[in-house]
Structures are given as structure tokens and as C-alpha cells.
Amino acid sequence: MSSAPLRSPALRPHRMKKDESFLGKLGGTLGRKKKAKEVSDLQEEGKNAINLPMSPASVEIHPEDTLLEKLADRKLNVAEVTQSEIGQKQKLQTVLEAVHELLRPHGWALQWSVDSIHGKNLVAILHLLVALAMHFRAPIRLPEHVSVQVVVVRKREGLLHSSHVTEELTTTTEMMMGRFERDAFDTLFDHAPDKLSVVKKSLITFVNKHLNKLNLEVTELETQFADGVYLVLLMGLLEDYFVPLHHFYLTPDSFDQKVHNVSFAFELMLDGGLKKPKARPEDVVNLDLKSTLRVLYNLFTKYKNLE
């Protein structure tokens, strides 16, 4: 192994002019020609007062922080400011076409459209954001099997009819990440959860057999490997070398430092001849038990007979 250093909105209150106030409208001595406009304005204010709290909070977005351009490292030929609805949809069409180019090769079902996103359809927006988070490997763990109840209202023969439809927003992490091959841990979690405690006990016995040499002990697989420290130390013990302390954070206090530690441990595993773990460092840091078990089981398979 080389000794070279490793890489480490807030809603704005509507301000009414003095002559647009409620009392001003009703109590003023305006001419008849203005009264029709007053009623129209008052109705518009009432509609806005109802709709405004339901609208997304306004957020100041800077061009350099534009999501797709920053993540995909490509410049989109769109205007930064567009006032008309037609212009907004044309701009959105360009952005979504770029998104589709990224996602189609990975088999994503595109459950949104220009009209649904522009129309602030929350379910369509969530589908889009989940797809982008998975494609760009966002350092978060989305909960699995999240669904929402959508109320669909249709007008038939002059009457409104409503129905409820279940919309699934997330499936499993493996499927959303494009890892369609299942392994023993998928089967274990889905069909034999009663055997999970046996597997965990075997892995705890295995890791403590070696960590005890440093007077360390693991009691909870779910949490004690999340900062990567035990993983790094365990690799040193299994491969019989001392890991220089300047290569990892012995007491990490941030998400990035923990991800660095787990990523470093993965590099040590590759150096030791193991295959690349079927897990992301971020998943281990985010306390995803299935990912942690996969990593430890790979170690167990190779080093289970090591004294």
C-alpha cells in the first residue's frame, strides 16, 4: 500500500396601498365607474389571500448555484430571467430535456412534464428531485417505500367527482440507484428478518475478535461503524499494518469527515484485494444497516479464519 497522502424562504406580506385597503374600498366616495374595478380587485385579493399560504416560499437563487448546471457541469443555453409564461415554459423545457438525457440511459421512469412542473404539481416535483438525488448520489439516505395519497378530481356531467390514487415516490435504495441485482441481504431483510439477529451476532463476534486487540468493543452495528473509525482500524488489524493517524479523522465531528473515513476504509479494502463494496460511504454514515452489514460481511468472508 502506498504511503502517499490520500484525498481526503419566506412569504412576503402583501402591502396594500392606502386607497386599496378594505375600509378604503368600502367606505370611500368613489365614482360608479370605479366600483366595478373595486369589486374585481377585492375578489382578486381574497383569492390571493387563500392561495398565497399554499404557495411555495420564495427563495433567492443565484445563477452560480443553479442545480443542474452545477451538478452536471454543463452550461444550459437559457435566459436567466424570464417574465412571460411562454418564456418560462421554454426555459423549463430546455432544462428538463437536459435532465432526461441524463436519466433515460439509467432506466428512470420520467413521471413529470413541463406543464406539471411549471404548474407546481408537488408530486411531479418530488419525483424529479428524487431522480436527481439518486442520479447525482446526493449524500443523504432517502426513506424507502414512501408513497402519498393523491386526490384526483374530475368533472362529469356538471358534477365534481373525487378519487384517491396512491403514488409511490421511492422504492428501494438499490432499485433507485440502478442496482437491480439482489443479494443475500435483500432476501434477509425482505423474507427472513427473524434471522437478522443471528447474522448481526456473528458479525459482532467477528469484529470484536480483532478490535479487542486495541481494547475496543462493538455492541451496535447500526451506529458504531458510522463514523468510519472502527472500519479503518479494523482494516489495519486484518491486514496487519498500522494506519497513520494523519490519513483519517480519529474523532470526526462532521458528516464530511465521517464520509472521508469510510471512503478511506473502502480504499484499504480495495488495496487488500476485496471487491468494491456494494454500498456508498454516505449510506454507512447515514446509519443504513443493510449497507453496513454488506461491508462487514465482505470482511467476514475473507478474514473469518484469521486469528
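Things to note:
- Accessible surface ranking for His246, His210, His118, His145, 1.4 angstrom probe, highest first: His246, His145, His118, His210.
- Residues Lys155, Lys290 ordered from highest to lowest accessible area at a 1.4 Å probe: Lys155, Lys290.
- Separation of the Thr223 and Gln90 label points, Cα + 7 Å toward Cβ, nm: 5.7
- With all protein chains in place and a 1.4 Å probe, the accessible surface of region 209-307 carries 51 percent carbon and sulfur.
- Once both labels are positioned 7 Å from their Cα atoms along Cα-to-Cβ, the gap between Leu196 and Lys120 label points is 4.0 nm.
- Gained length - Ala79 relative to Tyr241, 0.36 nm times residue gap less alpha-carbon distance: 52.7 nm
- Each peptide in 160-172, 223-235 receives the mean, over its residues, of other Cβ atoms within 10 Å, and ordering these scores from highest gives 223-235, 160-172.
- 3J(HN,Hα) couplings calculated from phi for region 254-263 with the Karplus curve 6.51 cos²θ - 1.76 cosθ + 1.60 (θ = phi - 60°) are, in sequence order, 9, 4, 4, 5, 5, 4, 4, 4, 5, 4 Hz; Gly and Pro show x.
- In loop segments of region 108-146 as defined by DSSP, the trypsin sites (Lys or Arg not before Pro) with at most 15 further C-beta atoms inside 10 Å of their C-beta are Lys120, Arg137.
- Estimated inter-spin distance, Asp256 and Glu144, nm [label 7 Å along Cα→Cβ]: 3.1
- Region 208-307 - percent relative contact order, Cα under 8 Å, separation 6 or more: 28
The values are calculated or read from the model by the stated rules, or taken from the named source; none is laboratory data. If you're wondering where the values come from, they're calculated on a predicted model, not measured in any experiment. Heads up, the Cβs are rebuilt from the backbone with ideal geometry, glycines too, and the neighbour counts pull from every protein chain shown. Side chains are part of the model used for accessible areas, which takes the heavy atoms of the whole protein and leaves out ligands, DNA and RNA. Shrake-Rupley method; radii C 1.70, N 1.55, O 1.52, S 1.80 Å.
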